[in-house]
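A short write-up of the structure that comes next.
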């Protein structure tokens, strides 16, 4: 079939995938069409409801990059505490890693 | 016309070199046509690369001897070929294609993004030198010539990294990149010296025909692996890569990805063509695999907590290099086992190579899209950006496509190559494949963060007046987007027409040797 990429165990066909996705989107659109459309844009109906409080400034509600995945990095604190200092920005360290790499690979290749 | 076609391999180098040397002259006397000149030269160089690649895919390995009609050797030399010889097989042609697409797309982008900058003549001259260096590295069949092009690549790349950012931070990144890669280049030269001292030749095909498993050759191989791995940005030799990528002009970073991949080309060429089956492929294959796994895991985990948008992308470049090393490493580990090679080794190789061109395209696109954001806002920090999707819709769409592609989401090109890697590597060792999938999930998570923090959210007051970037910058991104989507929609055609010939060229060492030396040696 046109578009079949043989991947070893099976195949991948993006055209089939697109047809399936398009069908799914069509159903989603049909369901959306059944929804309530009688609201007025730009009125109280479309404003976020924050328990009666005023909406804060836009710049305050945007979730910045630094707010994301802090839990992930916190959970792996031990890992990051060791990994980040290795990226010291010092060229001498970079070249030391090069030398270490050369030695380790040479020993591995000679021994095994 | 025939004269031009017959000398295409020479034009690959001559066009960008001549163009580079004339840019300052044109910039001095005819500054109004300088931009048109750089676009024309880049187009012609890319056209030469595409035609050369097409010729190789249609007719087979192309051997071009500088200064003679055919390969020749002195009567008493034992058949050692002399003169500089370009040997472009399926793998070289594949790399040429990748470099040609990205370098031309980036030129369009640069002409607009650098419009207000000073020193453009020298900047473009360096850019064309970098292009010549990349084309030369993937075309030459001579080891010393490879070293020369590697140095051109490094020097021009470092100069471009430092070119246009105030405050000295770019110069610092460039100097680190220069020092580290120059040391790597010297190690490559030392390795070449070790081989030359033993075999009296610098020709790769001749050396491949003579290669044996000696201690000197092992030393040379280890230095080749580490030095070219450093050029490619593989962990633990990757440290200078994010330092340089994060401070370079964004268009330049897109091409630096291809420049790094030329180092990867050198590594695979040395492994498969120069050494081939004469070495312990299982051990060396596992060394490459471990470098790949380290690159994937450390690259992506270092990317996740980054706040600097370009540094984050740079760590992802390291991570994606790991996929290529993993796929090709598995193929090398089973090179001595024809049954395993046929069952999954060749697919692993094809997946790894396919990922090279895919990565060049979507990472190039991502760097250009991020460059567009920086071009309009002047802000690198993810903590300060936000809501730009309201004002930069085209850039947002391009970034989203690149992000989905790098995360391996169908139907984009990254998914096709990753799937080939997952399935073939699973047959070799399931744990490696699972690690690759986990890294892909983390990549998606990382790009969700970037996409949300840069483009989503309410329109922020500080970016109220931000506009979309100029049309030429959009044009550069459109070219890459077309390939990212196209390669994802018809991956079978891409694999059959350019990836499989590249993998076959690497797997069949004998055909490379025969193409240059004939059956005489």
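What follows draws every value from the coordinates through simple rules; no lab data is involved. Since the model is a prediction, treat every value here as computed from it, not as a measurement. For neighbour counting, all protein chains shown are included, and Cβ atoms are generated from backbone atoms with ideal geometry for every residue, glycine included.
With a cut-off of 20 Å on the backbone N, the residues of the stretch B:53-69 near the modelled label site 7 Å out from residue B:14 along Cα-Cβ are B:53-56, B:62-69. First obtain the Kirkwood hydrodynamic radius of chain B from its Cα pairs, then insert it into the Stokes-Einstein equation at 25 °C and 0.890 mPa s, and state the resulting D in µm² per second as a whole number. Using the Kirkwood radius from Cα pairs, D works out to 108 µm²/s.
For chain A, the alpha-carbon coordinates run over 75, 55, 23 Å along the three principal axes, in decreasing order. Residue exposure proxy: A:81, A:93, ordered by other Cβ atoms within 10 angstrom of their Cβ from fewest to most, comes out as A:81, A:93. Between residue A:67 and residue B:471, the FRET efficiency estimated from the beta carbon spacing at R0 = 41 angstrom works out to 0.70. The angle between the Cα long axis of helix B:430-455 and the main principal axis of chain B comes to about 30°, on a 0 to 90 degree scale.
Once you have a ≥ b ≥ c as the square roots of the Cα gyration tensor eigenvalues for the stretch B:422-521, tell me rounded if a/c is under 1.5, and otherwise prolate or oblate according to whether a/b is larger than b/c. Write out the running numbers ahead of the final one.
Working: a/c = 3.62, a/b = 1.79, b/c = 2.02.
Verdict is oblate for the stretch B:422-521.
Counted by neighbouring Cβ atoms within 10 Å, the residues B:245, A:69, B:64 run from fewest to most as A:69, B:64, B:245.
Taken over the alpha carbons of the stretch B:216-263 as equal point scatterers, the Debye sum produces base-10 log I(q)/I(0) values at 0.19, 0.21, 0.27 Å⁻¹ of -0.61, -0.70, -0.95. One compactness figure for the stretch A:70-112 is 1.62, namely its Cα radius of gyration divided by 2.2 N^0.38 Å.
Could you line up A:103, B:356, B:152 from fewest to most neighbouring Cβ atoms inside 10 Å? Fewest to most other Cβ atoms nearby, the residues stand as A:103, B:152, B:356. Over chain B, dividing the summed -39,500 (n - 2.57) contributions of all DSSP H runs of at least 4 residues by the number of residues returns a 222 nm mean residue ellipticity of -24000 deg cm²/dmol. The long axis of helix A:91-111 is offset from the longest Cα principal axis of chain A by roughly 70 degrees. In summary, the convex hull built on the alpha carbon positions of the stretch B:280-489 has an orientation-averaged projected area of 10.9 nm².
In degrees, nearest 10, range 0 to 90: what is the angle between the Cα axis of helix B:309-333 and the longest Cα principal axis of chain B? Helix B:309-333 sits roughly 30 degrees off the main axis of chain B. Separation of the stretch A:4-20 and the stretch B:1-62, taken as the distance between their Cα centroids, equals 38 angstrom. How far apart, in nanometres, would the label points at residue B:66 and residue B:214 be if each is projected 7 angstrom from Cα along the Cα-to-Cβ direction? Computed distance between label sites residue B:66 and residue B:214 equals 2.8 nm.
What the Cβ-Cβ distance of residue A:100 and residue B:374 gives, at R0 = 41 Å and to the nearest 0.05, is a FRET efficiency of 0.70. Spin-label pair residue B:431-residue A:31: with each label point 7 Å from Cα along the Cα-Cβ axis, the two points sit 4.2 nm from one another. Distance between the pseudo-spin-label points of residue B:117 and residue B:40 (7 Å out from Cα toward the beta carbon): 2.3 nm.
Using 0.36 nm per residue and subtracting the Cα-Cα separation, the extra length available between residue B:5 and residue B:186 on full extension is 61.6 nm.
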